[in-house]
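Only one structure is covered here, and it is reproduced in the block below.
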Amino acid sequence: MIDSEQQLHIRNALRDSRREGLINFVEDLIGLLAQEGFSFQDLLEALAGWGYRQQSPPPDEVIRHLEDAVSELHHLSRNQNKN
């Protein structure tokens, strides 16, 4: 039987794998959009418009996720500058 610590480790590994797959997909998508003359800002505006139409997740939750992403980018950039 798998104990709770092992379950947590497995969940974290699956989450990391899924995130890496999504990062690769977005990287390819942004490259394709750039070839067609779209910018990263265009992509963000399209995502914001789509999210507004869906009303799911609620705008406050989207803003929280964006703020979390900004914090993570700052953290990654500080770590990269240390190396």
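The values are calculated or read from the model by the stated rules, or taken from the named source; none is laboratory data. Quick caveat, the model's predicted, so the values are computed rather than measured. Every residue, glycine as well, gets a Cβ built from its backbone with ideal geometry; the counts of neighbours run over all protein chains shown. Remember, those area values only see protein heavy atoms, side chains included, never the ligands or the DNA or RNA. Shrake-Rupley method; radii C 1.70, N 1.55, O 1.52, S 1.80 Å.
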- prompt: Which entry in [x] 15.7; [y] 13.6; [z] 12.7 matches Kirkwood radius over Cα pairs in Å derived from the coordinates of this structure?
  reply: [x]
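Could you work out what % of the accessible surface of the chain is carbon and sulfur, using a 1.4 angstrom probe and leaving DNA, RNA and ligands out of the count? Working shown, then result.
Details: 4440 of 7800 Å².
Within the chain, the accessible surface is 57 percent carbon and sulfur.
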query: Per-residue HN-Hα couplings for region 60-73, Karplus 6.51 cos²θ - 1.76 cosθ + 1.60 at θ = phi - 60°, whole Hz, x for Gly and Pro?
result: 4, 5, 4, 4, 4, 5, 5, 5, 4, 5, 4, 4, 5, 5
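If Lys and Arg each add +1 and Asp and Glu each add -1, what is the summed charge of the other residues whose beta carbon sits under 12 Å from the beta carbon of Ile10?
On the way: positive: Arg11, Arg15; negative: Asp3, Glu5, Asp16.
So the environment of Ile10 carries a net charge of -1.
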- request: Please calculate how many Å² of accessible area the chain carries per residue, with a 1.4 Å probe and no DNA, RNA or ligand atoms counted.
  value: 94
message: Just to verify a number: what accessible area does Ser56 come out at with the full protein assembly present, 1.4 Å probe, Å² rounded to tens?
response: 70
field: Net charge contributed by nearby residues that have their C-beta within less than 12 Å of Leu22 (K/R +1, D/E -1)
entry: -1
Charge dipole magnitude, Cβ of K and R +1, D and E -1 - the chain, Cα centre, debye nearest 20: 140
- line: Dipole check, the chain, charges on Cβ (K,R +1; D,E -1), about Cα centroid: among Leu8, Gln35, Pro58 the Cα furthest to the positive pole belongs to Leu8
